[in-house]
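The values are calculated or read from the model by the stated rules, or taken from the named source; none is laboratory data. No experiment lies behind these values; they were computed from the predicted model shown. Heads up, the Cβs are rebuilt from the backbone with ideal geometry, glycines too, and the neighbour counts pull from every protein chain shown. SASA here: full protein model, heavy atoms, side chains in, ligands and nucleic acids out. Shrake-Rupley method; radii C 1.70, N 1.55, O 1.52, S 1.80 Å.
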Amino acid sequence: VAIDIADVELYVSGDPPAAWRAHRNQNRVPWVTRTDGSGYWAVTRYTDVTAVYRDADTFSSELGMRLDGSRVATAAAAGRQLVVTDPPRHARLRATINRVFSPRGLGRLESGIRATVKALVDQILEARECDFAEVAGQLPASVICDLLGVPSTDRSEMLRLTSAAFGSRRGAVAAESPAEAHATVFAYYAGLLADRRECPGEDIVSVLARAEVDGVPLSDEEVLLNCDGLLSGGNETTRHAATSAVLALIEHPAAFASVRDDRSLVGSCVEEILRLSSPALHVLRTPRRDVQIGGAEIGAGEPVTLWIAAANRDERVFEEPEKFSPSRSPNRHLTFGLGEHYCIGAGLARLELRILLEELLDRVGSMALTGPVRRVASNLVWGYEAAPVRIEPR
Ligand code: HEM
């Protein structure tokens with residue numbers, strides 16, 4: 001019987017890499033039955049994951065891109081929000097959003113990211129001790145405010161609401177439930193959209209407000225759904241990758257020293273952090289027809305899960321896959337997916353992580369854990385609920 005790798009408990013207290021290894025070593029892609037009687041195909045080998053990813057015509061995203069997602073929310077967003085839109089419309093919608101992520105678009109964001117990271121490092125060096133899992137959340141949330149063009153007067157409230165809406169911290173004290181905070185964020189975008197229709201700028205809300213797909217402008221709701229898609233796609237993932245960066249440097253002081261001595265390694269070090277931390281654990285696809293993958297006969301409509309984090313440790317592709325090698329090359333990890341839906345924010349996430357690493361290398365002397373690290377209870381994002389650290393200046 002195949003282990004249920006969608007069991008949230010595995011990610012809180014189990015050994016996911018061992019479970020994924022057992023899966024990769026099965027003769028064929030297994031069907032996993034869950035305790036509630038439902039089930040899913042579990043694709044964990046690199047070649048099988050890439051085969052599914054390369055065939056977006058067969059494997060639809062419109063029935064949801066995650067196991068355990070809300071059917072109602074997916075139905076409302078299907079064909080309208082980028083991540084749950086299939087070809088051919090997908091490419092046309094993506095082209096409109098992509099403008100914000102062009103090299104020029106990213107160049108405009110860089111100085112804001114640098115300022116945010118500097119302020120963050122100031123703050124932790126002053127406090128010396130912090131929960132980095134919490135601090136790290138400020139980076140993507142603030143970058144997304146820049147993307148959306150949130151005015152500075154609304155920022156701190158938006159940062160608070162974003163973390164209340166998307167934060168997966170179990171113990172966090174918030175004034176409202178995640179759903180309430182999310183509704184408030186949504187209403188806030190609607191206000192921004194009304195402003196930008198009057199007075200457009202270069203931010204993503206203005207770009208989407210002007211965008212047309214096949215000659216038809218996006219409706220207000222389509223604009224808002226896609227703003228929300230950026231926020232939910234870029235927030236938690238980047239936060240966990242940033243926390244993983246700090247934890248990797250703590251766990252591998254020799255790697256920290258070697259990257260500090262040879263800054264040309266920063267880029268490959270970021271890639272290795274992304275490969276091993278794999279903040280997006282899985283994605284879901286639903287085949288439109290009967291299809292064969294990895295020796296399994298999969299029926300049309302049956303849920304197929306691609307375990308990115310498992311494929312990133314496939315020994316058939318990565319030498320010593322469990323080892324952290326900051327100079328690993330090639331490093332064709334699937335952390336940002338592959339094919340049509342390849343993460344549109346990958347360049348932005350890489351920029352955020354590179355700047356974080358550079359500032360840490362410049363200014364931090366030593367780092368250590370001060371207590372146990374706790375994992376988030378989720379089968380979608382692989383990340384940290386708590387990462388208590390002590391950070392000393394150089
Ligand atoms: C380390 C950080 C990140 C990771 C690990 C990550 C991971 C992913 C993955 C695996 C996908 C593919 C989903 C699928 O195949 O269904 C994806 C898509 C996407 N990501 Fe990211 N992401 C990150 C950062 C970001 C950022 C910073 C943004 C935006 C600000 C973003 C926005 C999106 C969007 C809009 C999509 C949908 C693209 C499409 O369907 O064409 N992500 N991301």
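So how many residues does segment 10-42 have that are surrounded by fewer than 17 Cβ atoms within 10 Å (Cβ to Cβ) and either among the small types (G, A, S) or without any contact (Cβ under 8 Å) to a residue 12 or more places away in the chain (or both)?
Of all residues in segment 10-42, those surrounded by fewer than 17 Cβ atoms within 10 Å (Cβ to Cβ) come to 12-15, 17-18, 22, 25-28, 31, 33-39.
The next check asks that each one be either among the small types (G, A, S) or without any contact (Cβ under 8 Å) to a residue 12 or more places away in the chain (or both); those that pass are 13-15, 18, 22, 25, 36-39.
Qualifying residue count for the region: 10.
Residue check: is G191 small (G, A, S), loosely packed, with under 15 Cβ neighbours inside 10 Å and in a loop (DSSP other than H, G, I, E, B)?
On the way: small (G, A, S): yes; loosely packed, with under 15 Cβ neighbours inside 10 Å: yes; in a loop (DSSP other than H, G, I, E, B): no.
No: the conditions fail for G191.
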*Return the only residue of V223, V207, V216, V135 being within 18 Å of the chain's Cα centre (by Cα) and at pLDDT 90 or above.*
V135
*Report yes if some residue within segment 248-261 is over 29 Å from G149 (Cα atoms), within 16 Å of the ligand (Cβ to nearest atom) and part of a helix (DSSP H, G or I); otherwise report no.*
yes
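A quick yes/no check of all residues on (1) at negative phi; (2) in contact with a Gly (Cβ under 7 Å, 6 or more places away or on another chain):
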{"position": "P16", "(1), (2)": "yes, no"}
{"position": "R24", "(1), (2)": "yes, no"}
{"position": "D48", "(1), (2)": "yes, yes"}
{"position": "G64", "(1), (2)": "no, no"}
{"position": "A77", "(1), (2)": "yes, no"}
{"position": "P88", "(1), (2)": "yes, no"}
{"position": "L93", "(1), (2)": "yes, no"}
{"position": "S102", "(1), (2)": "yes, no"}
{"position": "E110", "(1), (2)": "yes, no"}
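If you go through segment 248-268, how many residues are buried (at least 21 other Cβ atoms within 10 Å of the Cβ) and among the aliphatic types (A, V, I, L, M)? Give the derivation first.
Step one: list which residues in segment 248-268 are buried (at least 21 other Cβ atoms within 10 Å of the Cβ), which gives 249, 256, 259.
Adding the requirement that they be among the aliphatic types (A, V, I, L, M) leaves 249, 259.
Of the residues in that region, 2 qualify.
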*asked:* Exactly one of these conditions fails for D36: (1) in a loop (DSSP other than H, G, I, E, B); (2) more than 15 Å from the ligand (Cβ to nearest atom); (3) touching a Pro at 6+ places or on another chain (Cβ under 9 Å). Give me its number.
replied: (3)
*Of all residues in segment 320-376, how many are surrounded by fewer than 16 Cβ atoms within 10 Å (Cβ to Cβ), away from the ligand (no atom under 16 Å from the Cβ) and of a type in the set (A, V, I, L, M)?*
2
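Hand me the list of helices (runs of 4 or more DSSP H) wholly inside segment 43-103 holding 3 or more residues that are in contact (Cβ under 8 Å) with a residue 24 or more places away in the chain and over 20 Å from T335 (Cβ atoms).
89-98
With respect to S152, is the statement that it is of a type in the set (G, A, S), within 16 Å of the ligand (Cβ to nearest atom) and modelled with pLDDT under 90 true? Break it down into steps so the answer makes sense when it comes.
On the way: of a type in the set (G, A, S): yes; within 16 Å of the ligand (Cβ to nearest atom): no; modelled with pLDDT under 90: yes.
Taking the combined requirement at face value, the residue does not satisfy it.
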*Which one is least open to solvent (accessible area, probe 1.4 Å) among residues in segment 51-89 that are more than 13 Å from the ligand (Cβ to nearest atom) and among the polar types (S, T, N, Q)?*
T58
*Given the conditions (1) surrounded by fewer than 20 Cβ atoms within 10 Å (Cβ to Cβ); (2) within 21 Å of V100 (Cα to Cα); (3) at pLDDT 90 or above, report the number of the one that V143 does not fulfil.*
(1)
*Residues of segment 95-115 being at pLDDT 95 or above and buried (at least 19 other Cβ atoms within 10 Å of the Cβ), which ones?*
I113
